[in-house]
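Some notes on the structure that comes next.
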Amino acid sequence: MPELPEVEVTRRGIARHLVGRSIAGVTVREPRLRWPIPASIRALSGRTVRAVGRRGKYLLLDCGDGHVILHLGMSGSLRLVAAGTDPGKHDHFDLAVGDKILRLRDPRRFGAVLWTREPPGAHPLIRHLGIEPLSRAFDASRLHALTRAHRTSIKQFLMDGRRIVGVGNIYASESLFRAAIDPRTRAGRLSKARCARLVRAIKETLRAAIRAGGSSLRDFSGSDGAPGYFQRRAGVYGREGKACRRCGAPIRRMVQGQRATFYCPRCQR
């Protein structure tokens, strides 16, 4: 599933082609995504895209009198293709801008294309989202306060979008490895010092992933069609049985909350 780095890579890739441009037309080939594409989306022609923002894993196209809300779902991608490019089987939505088409490809149809006239932060899908991990507001004090009295593991805590948005499975494992914290540690037991270490690790991991174009384990590619390659540099994720890059101990795998967790039993005590 695309997480914050993949969505941010997509945002940066499409923003320079959309901002300041007028929407020439909209094509909806398959309206039955996770939520039906509303009829109001078809009336976007003539509006100008003022900005391309992101909240968690949602992309927000500011059209002045409202926002298009886009979500990539589990397997979706947004690509910029030349006008006139024939659509593929899973290309469900086009937004024509100048000589380019912003095209949503979503094989599993868990993505979303929605329209709202209210501030995006008030939308039911967005208003309950947690803190942005790359924001200045996310610091050691904030993480320490968020984790108090929580008995769940810190790995599962990091993946709860109601508290911190967009970290996801890969980046939670990698951040905990960088911070040298056992993923099974109860969130409420983290000291302020370890919270500070973990905040730094989360920010470093997410920024490194963005620079690498995200992670392409299955379907994800950027707006130019290029895959991400962060997974090639992973310290623990997907490396079960291989030597830890720090200490040489075999990387282990376990399941937490039905998701695979990878960690080094020597480095992460």
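The values are calculated or read from the model by the stated rules, or taken from the named source; none is laboratory data. All values derive from a computational prediction rather than experimental measurement. Note that we place each Cβ from the backbone using ideal geometry, even for glycine, and neighbour counts take in every protein chain shown. Accessible surface is based on the protein model in full, side chains and every heavy atom, while ligands, DNA and RNA are left aside. Shrake-Rupley method; radii C 1.70, N 1.55, O 1.52, S 1.80 Å.
Taken as a whole, the condition of being under 16 Å from G213 (Cα atoms), of a type outside the set (A, V, I, L, M) and not in a strand (DSSP E or B) does not apply to E30.
If you go through segment 124-147 and keep only what is under 20 Å from E204 (Cα atoms), of a type in the set (A, V, I, L, M), under 18 Å from the mean Cα position of the chain (by Cα) and part of a loop (DSSP other than H, G, I, E, B), you end up with just L134. Figure legend. Inter-residue proximity from segment 156-168: first residues over 16 Å from T205 (Cβ atoms), second residues assigned to a helix (DSSP H, G or I) and open to solvent by 10 Å² or more (accessible area, probe 1.4 Å), beta-carbon distance below 7 Å, spacing 6+ or different chains. Indicated pairs: R163/L146. Of G73, G88, all but one fail to be assigned to a loop (DSSP other than H, G, I, E, B), surrounded by 16 or more Cβ atoms within 10 Å (Cβ to Cβ) and not acidic (D, E); the exception is G73.
For segment 76-85, the set of residues classified as part of a strand (DSSP E or B) and open to solvent by 20 Å² or more (accessible area, probe 1.4 Å) consists of R79, L80, V81, A82, listed by residue number. Only one of the listed residues (K155, K203) is in a helix (DSSP H, G or I), out of contact with any helix residue (DSSP H, G or I) (no Cβ under 7 Å at 6 or more places or on another chain) and farther than 30 Å from A24 by Cα. That residue is K203.
For segment 91-117, the tally of residues that are open to solvent by 50 Å² or more (accessible area, probe 1.4 Å), of a type in the set (K, R) and within 20 Å of the chain's Cα centre (by Cα) stands at 3. Within segment 226-259, the set of residues being open to solvent by less than 80 Å² (accessible area, probe 1.4 Å), closer than 30 Å to G13 by Cα and in contact (Cβ under 8 Å) with a residue 24 or more places away in the chain comprises G228, F230, Q231, A234, G235, V236, Y237, G238. Scanning segment 127-162 for residues that are surrounded by fewer than 18 Cβ atoms within 10 Å (Cβ to Cβ) and touching a Phe, Trp or Tyr at 6+ places or on another chain (Cβ under 7 Å) yields I131, E132, H150.
Among the criteria (1) at pLDDT 95 or above; (2) buried (at least 16 other Cβ atoms within 10 Å of the Cβ), the one A51 does not fulfil is (2). Of all the numbered requirements in (1) out of contact with any Leu (no Cβ under 6 Å at 6 or more places or on another chain); (2) part of a loop (DSSP other than H, G, I, E, B), G166 misses one, and that requirement is (1).
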